[in-house]
Structure formats: C-alpha cells, structure tokens
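Values quoted throughout were computed directly from the atomic coordinates according to the rules given, and no laboratory measurement underlies them. These numbers come from a predicted model, not from an experiment. We place every Cβ from the backbone using ideal geometry, glycine too, and count neighbours over all the protein chains shown.
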Protein chains: 2
Amino acid sequence: MKNKKICLHSYPDNIPTVDNFSCQEVAVTPPGAGQVLCKTRYLSIDPYMRSQISGRHITASLSPGDMMMGETVSEVIQSNSEKFKVGQLVRCMGGWQEYSIHEPEALSAPITHAYPSYALSILGMPGLTAYAGLMWLAKLQKGNVVVIPAAVGAVGATAGQLAKAAGCIVIGIAGSNEKCRYAVNELGYDFCINRKTDHIAEKLEQYCPNGIDVYFDLVGGKLLHIASERLAIGARVILCGLVAEYNNKDRMAGPAPALWIKSRATVSGLVVYDFEARRSEFIAECLPLFAQKKLKMQEDISIGIEHAPDAFCKLMRGDNFGKTLVKVST
Amino acid sequence: MKNKKICLHSYPDNIPTVDNFSCQEVAVTPPGAGQVLCKTRYLSIDPYMRSQISGRHITASLSPGDMMMGETVSEVIQSNSEKFKVGQLVRCMGGWQEYSIHEPEALSAPITHAYPSYALSILGMPGLTAYAGLMWLAKLQKGNVVVIPAAVGAVGATAGQLAKAAGCIVIGIAGSNEKCRYAVNELGYDFCINRKTDHIAEKLEQYCPNGIDVYFDLVGGKLLHIASERLAIGARVILCGLVAEYNNKDRMAGPAPALWIKSRATVSGLVVYDFEARRSEFIAECLPLFAQKKLKMQEDISIGIEHAPDAFCKLMRGDNFGKTLVKVST
C-alpha cells in the first residue's frame, strides 16, 4: 500500500505557488504496538500554514523536505489500541498525506455527528477560534457592533453567524462582491464591505456611526489600523490572525497605541490551542445552532491529496470561497 | 487683586521651550452667585499637557492664546456656596494661574490629610492611574514580573511601589544613573535599567528570564516594542501614556500584533478619568501604605506660577526628578 504525501519543496518568496511543493510516494508502514493507522478522509487547509512555512508559527517551523502539517478527519483502518476500532472517524494532525500513524492520545474521541468534514470547520478548530474569541475573550453582548474581516473564511463565517445568533449588528469585510453577497444573503451579515473596491473607512463610518464594539481581527495590516481608528469606548479587539502579512518577509507594525488608549480598548491575543480543554463546551453550544440551521459553512473542496498545494495557493490568493478542504478519500 | 496666568503663546515644534508660553496679569473678578474663588497652592505639571497642546488629548485641545490647563490644590478664599468654607483646601482644575473661580461641583471634597501636595501625586491622579492600571486592569498578582518605564515619574514611582507592596518583582527603566539608583534604593525596585546607556533588551533578558507579566506603559515608542518582544504567556500590557511621542508631530505605530498573539497578551487602554468613581477605594487602599512609609513620592517643586513653563519644559526633556509641581502660593 502506497502513501502519497506532500512536502515543502522550496520557500515561497511571497504568495506560494504549486512549485513550492513536491509530491512523494512511500510505502505505508504498519502501526507499532499500541498505535493506530488512519486513512485521511478530509484535510483542512488553513492560513496558519503559511506562517509555519515562514518559521513564525508557535506550533512548528517547516523546512524544504518536510511534510506539510495539517489537521484531518481520518478513518481508523488498523488499530493496535483498545481505545479505537476500525471504521471510527477521528480528528488528528494527519498532515498532507493519505495515511498516518498515531499514538492513541493524539486522536480525538470518535466523531459521532453526521457531518465529519464540519469537524474541521464550524465544529472544529476554526469554530472554536471564533467561539473563544467572541464569547470568552470579547465577552460579546447583545446589540454590540461587530466587525469581521475575512468575513466568509472558516473562522470569520462562524464568528459572523455566532454574533448574529447573539443579537449583534455584524459587518463583514471580504474580497469580492460575490463573497459580500454570500455574507449578507447566506450568513446573515447586516452589511459586507468589498475591501478591493469599497472605501473601507467611509463604509465603516456609515455602518458603525457609533463605533465598533468588537473587531475580530484575522487579517492584521491596514484593516486593523482602519478599524482601530473607529473603535467605540470599551471596544474589544481580538488579535487572532495576520493573513495580510503571512506572505511578507517582515512583520508589519501595529496600530498607534494612542487609538487603543482613546477607546479604552481591551486587545486580546488569541491562540486557539489554549482553549482545547473547553472544546466540549463550545460543541454543546454550537450543535443546537447548527441543528436550527443558524450555523452553516460553505466548503471549498478539492479532491485528491495531490491538489492540496493548489488549494493552499488559492487560499493564499484569497480566491477560495468558504472553508478550504481537500477530500483525500471516501 | 491681580491674577497671573500662563498661556500657550505658540505651538512648539518638538520639545517645548519657555518661548512657547506667555505670562499675563489680569484683575481677579469676584465669584458669581454660588461660585467659589480659590487661590492656587500647588499646580500639577504632567506629560499629558503636551498632548493637549498637540490637539491629541481626550480632554481638550489648546490653541495659542489659551490658558494652560492643569490640576491644582487650591485654597478657598471666598465662597458663595454653602458647600465650601474659606480656608478649606480642595483639588480642582485651577489651571496655570494664581486664582480660579469654580462652580462647587467642580471642586473635590475638602482635603483632610496632612499632605496636600500629595493630592496631586501619590494620593491623586497619578496615584489613581497607577492603582487602576495595576490592580483593576492588569489584575496584579503576587510574584508577577512587572516592568515600568518612566520608573521614577509620578505614575511610575507609585506603580513601582504598589507592585513591590503586592509582592512582585519590579524592574524600572529610567533616564539617568541617578534616577536608577533612586528607583532601587528609595522606591524599592529590584532593578532599574538606564535607557540611555544600558542595552535595554539584554538587561530585560537578564532580569526577566521568564518574560514580563505586566508592562505598565507610560512611554510608547521603542520601549513598548522591546517589551512586547519579551512578554510572558498571559501578559498584561497597560497602555497609559506615550511620552516618547508627545513631542512628535506624527503618531508612532505600535508593536507587531504577532507579538501579542504569541504571548496571548491582554492589552488595555487606560484613561484615568474613567476611574474617578472609584477614587475613594484607591485612597482607602493607599493611605495605610503611605502611613507605613511603603509609598513615598519625590517632588520636583518650582516656586511661583511664572516658573510653570520652565518646569514643564524640564519635564518634557526628562530632566525632572519625581513629581513635577509648581508651588504657587503658601
């Protein structure tokens, strides 16, 4: 049995291209004592991976030759552990490959709901990120004016829907008219600003005349500056992602601290791994919303592990639509 | 009776000089119905005044011709209000002048403790700033590693002593060896870094090998960047002053948000006026510390209102030593 895997081939200069990756085929080795062999069903493709390539992510740095890392929903196909049975679906860090071997502690509890791919988006890490940021850090309150850049990405789309469900006024920022229409018509955003064609500052003035209560930052860069100039008194800013700079060699400076003094902002750095222990709390809150169709997720699915580089480059160009996934097997 | 007052004469280009101010003499008018006439005892000279001149402070913008504003300890010398009696000392926004007239609501309750000038420092606004930042926003805990730039200024000196009294490890940053010695020998700082001659980053590595838990920022600029690179996980950053940029025309950018994500920092903008309602709580906590001599304040006192510009320029050059005050009358 062969295992196809995708490695980093060379460092991208800026936005990655498929040439920066290589595909290898190796034999699948049998799992050792106590270990579990998994077959990848879905691979999650996320912006943070660019940051791992730059050596700037807290989880790992990747060098040419290294296999790309990533979270997967995988099927147990051989188990030397009493804890897992063949046929069970689990969440794990399977990486960009078709098969992976794990210690049982590295696997999630079996996925029991009927939407396994959603364990990588709205009911998974992006969902937990959105929930932890809005509810636990920003302490979202009914009536808050919430602004979400990357409005239809995996984290942003969840955050937008959670904020609407909580009775907030929600303004998105996205990269195309199509995405903006989707944000308003499908995700329930009150307004969505096209960051490429609209005058963002003017639109924010128009939509948030009394300022922004919560800015859920996934992007950094200029948008963070523009939003920081329009915060309401007592605003909360969640710093969670820096897509705008992932492809740059240098880190961008932050907004002038004076803006955050003026608004008495509380600015919180969010790393989702810190909230792992509270994942079940989040799932318990979100499953009913999901059942009531108040939470949904557009998925942007490529088929076959060899298309993971394509999918990642598309995400980095902002050309994805919804949560980027690779369907690796059925 | 004549009232000498100091007005802004021209906008400073950078660090102000005495030429930017003018002194005028006008007749003292009698107080109107219900009003109170006060004679200034002490005028507080504070860094935020530079920000008022630049039009960037939340309280007011000053233009040439305007009298300089400022908090004073003043004596009631004529009262048309039942609430105040001649001879009482009060805190008020008397401004840079010898006499001021107020509505009774604009005066503090009479000062009853024996240290009236301290109502402008350790038991006044700078003290409340330090207390609110450390205790209410940063939720200081015993054993925290606390770094305080402007270590011997009015806010910094109070913060340093409060943090020591709370059982923290406290590192100051100051502008001369004399100030550093004072910080360690008199205020009880564990260490103090000379920002002009020491390698600040190296010293912080040495004194905070496990990172900074609380950074009480009064300065902004480069020091904020350097400190943000060395935060412990869960650090709190209090944004409270921007002395480093008060004399610049442009606002400086903030640290890279990535640093705050990495450390899961909570960054809070502090405006002391928001905590006015809790002033008595702060006084109740600090008076005993003060009585036990765990809180003291070096005062840098000039005599006569005509020396207020001098005192302010000295403060802006960083040449003051302790809380800058003008003794206007006895």
Amide H neighbours of residue B:107 under 5 Å, counting only residues 5+ apart in sequence or on other chains, H built in-plane at 1.01 Å? none
Reduced Cα scattering model of segment A:61-112, Debye log10 I(q)/I(0), q = 0.14, 0.28 Å⁻¹: -0.37, -1.13
Table column - 3J(HN,Hα) (Hz), segment B:296-308, Karplus curve with 6.51, -1.76, 1.60, x for Gly and Pro: 9, 9, 6, 10, 10, 9, 9, 10, x, 4, 5, 9, 4
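May I ask you to sort A:93, A:316 by Cβ crowding, counting other Cβ atoms within 10 Å and putting the fewest first?
On the way: A:93 16, A:316 22.
Ascending Cβ contact count within 10 Å gives the list A:93, A:316.
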So how many Å³ per residue does the convex hull of the Cα atoms of segment A:1-58 work out to? 129
Do any chymotrypsin sites (Phe, Trp or Tyr not before Pro) in segment A:182-288 lie in a loop, going by DSSP, with at most 10 other beta-carbon atoms within 10 Å of their beta carbon, and if so which? none
In Å, descending, principal axis extents of the Cα set of segment B:30-144: 54, 37, 19
How large is the convex hull of the Cα atoms of segment B:24-98 per residue, expressed in Å³ as a whole number? 106
Can you list the trypsin sites (Lys or Arg not before Pro) in segment A:265-330 that are in a DSSP coil and have 13 or fewer other beta carbons within 10 angstrom? A:293, A:317
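Quote the relative contact order of segment B:1-129 in percent (integer), defining contacts as alpha-carbon pairs under 8 Å separated by 6+ residues. Walk me through the intermediate numbers first.
On the way: 265 pairs, mean separation 34.3, N = 129.
Relative contact order of segment B:1-129: 27 percent.
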What list of ³J(HN,Hα) values in whole Hz, one per residue of segment A:180-196 in order, does the Karplus curve 6.51 cos²θ - 1.76 cosθ + 1.60 (θ = phi - 60°) give from phi, with Gly and Pro shown as x? 5, 4, 4, 4, 6, 7, 9, 9, x, 4, 6, 8, 9, 9, 7, 6, 8
Given C-alpha coordinates of the protein assembly as shown, what is the ratio Rg to Rh with the Kirkwood estimate of Rh? 1.07
Mind checking which aspartates and glutamates have their C-alpha under 18 Å from residue A:5, skipping anything on the same chain fewer than 8 residues away? A:19, A:25, A:46, A:66, A:71, A:75, A:98, A:306, A:310
If you plug each phi of segment A:108-121 into the Karplus form 6.51 cos²θ - 1.76 cosθ + 1.60 with θ = phi - 60°, what whole-Hz ³J(HN,Hα) values come out, in order, with x for Gly and Pro? 6, 4, x, 7, 10, 6, 8, 10, x, 5, 5, 5, 9, 10
Peptide-level mean, for A:248-254, of C-beta atoms on other protein chains within 10 Å: 4
Average projection area in nm² (convex hull over Cα atoms of chain A, one quarter of hull surface): 16.0
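Residues of A:268-274, mean number of Cβ from any other protein chain within 10 Å of their own Cβ, rounded to a whole number? Before the final figure, lay out each step's value.
Values: counts 7, 15, 3, 5, 0, 0, 3.
Whole-number average of other-chain Cβ neighbours for A:268-274 is 5.
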Starting with the fewest neighbours, write out A:69, B:49 ranked by other beta-carbon atoms found within 10 Å of each beta-carbon. A:69, B:49
Non-local amide H neighbours of residue A:232 (under 5 Å, H modeled in plane, Pro and chain starts lacking H): which ones? A:212, A:213
Placing the label point 7 Å from Cα along the Cα-to-Cβ direction, what are the distances from residue A:167 to the equivalent spots in the other copies, shortest first, in nm to one decimal? 4.2
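For segment B:158-233, which trypsin sites (Lys or Arg not before Pro) are both in a DSSP coil and crowded by at most 13 other Cβ atoms within 10 Å? Numbers along the way, then the final one.
On the way: sites: B:164, B:179, B:181, B:195, B:196, B:203, B:222, B:230; in loops: B:195, B:196, B:230.
Sites meeting the loop and neighbour criteria: B:196.
May I ask what percent, to the nearest 5, of DSSP beta bridges between residues of chain A are antiparallel?
Details: 27 of 52 bridges.
Around 50 percent antiparallel, to the nearest 5.
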Other copies of residue B:9: label-to-label distances in nm, shortest first, labels 7 Å along the beta-carbon direction: 7.2
At 7 angstrom along the Cα-to-beta-carbon line, where would the label on residue B:139 sit relative to the other copies? Give the distances in nm, shortest first. 0.9
Using only the alpha carbons of segment A:125-273, determine the length spanned along each of the three principal axes and report them from longest to shortest in whole angstroms. 36, 35, 33
From the cross-link list A:85/B:262; B:293/B:323; B:222/B:327; A:262/B:142; A:323/B:262; A:85/A:323, which pairs have alpha carbons spaced over 27 Å apart? A:85/B:262; B:222/B:327; A:262/B:142; A:85/A:323
